[in-house]
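Take a look at the structure set out below.
The values are calculated or read from the model by the stated rules, or taken from the named source; none is laboratory data. These numbers were taken from a predicted model, which means no experiment stands behind them. Here the Cβ positions follow ideal geometry from the backbone for every residue, glycine too, while neighbour counts run over all protein chains shown.
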Amino acid sequence: MQKGIFDRIISFLLGASWAILIFGALIVFKSTIFFGFSLALFSTLLYILLSLFMILAFDAFSINRQRLQEAKKQTKLLQQLNK
């Protein structure tokens, strides 16, 4: 099954979000370790939480798109049965 441009963009953004989460958490931790371990850990966890929210949003877009496509298919089938 071919994916549309919207699905490709969402897939790309989802993958990029995971990469940003991993590398960003490392960068945030290394840049704030000079202020103390507890502050570095807190800021890294806060960054991870915000990044996971971004990943969750992209995943929700993808799921809602699939749900819409399935609803369109079902509507078309129901209209054919109604005739």
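Couple of notes before you dig in:
- Among the conditions (1) in contact with a Leu (Cβ under 9 Å, 6 or more places away or on another chain); (2) in contact (Cβ under 8 Å) with a residue 12 or more places away in the chain, the only one that Arg65 does not satisfy is (1).
- Total residues in the stretch 33-58 satisfying the condition of being under 18 Å from Ile22 (Cβ atoms), of a type in the set (Phe, Trp, Tyr) and in contact with a helix residue (DSSP H, G or I) (Cβ under 9 Å, 6 or more places away or on another chain): the figure is 2.
- Scanning the stretch 76-83 finds no residues that are out of contact with any strand residue (DSSP E or B) (no Cβ under 9 Å at 6 or more places or on another chain), outside any helix (DSSP H, G or I) and not charged (D, E, K, R).
- Selected residue (only one of Ile10, Ile33, Ile20 is part of a helix (DSSP H, G or I) and at pLDDT below 90): Ile10
- Checking Ile10, Ile5 one by one, the residue that is in contact (Cβ under 8 Å) with a residue 24 or more places away in the chain and among the hydrophobic types (A, V, I, L, M, F, W, C) is Ile10 and no other.
- For the stretch 14-39, the candidate set comprises residues that are touching a residue at least 12 places away in the same chain (Cβ under 8 Å) and not hydroxyl-bearing (Ser, Thr, Tyr); within that set, the residue that is nearest to Ala57 (Cα to Cα) is Leu14.
- From the list Phe29, Phe42, Phe34, Phe23, the one residue that fits, being hydrophobic (A, V, I, L, M, F, W, C), exposed (fewer than 11 other Cβ atoms within 10 Å of the Cβ) and more than 20 Å from the chain's Cα centre (by Cα), is Phe34.
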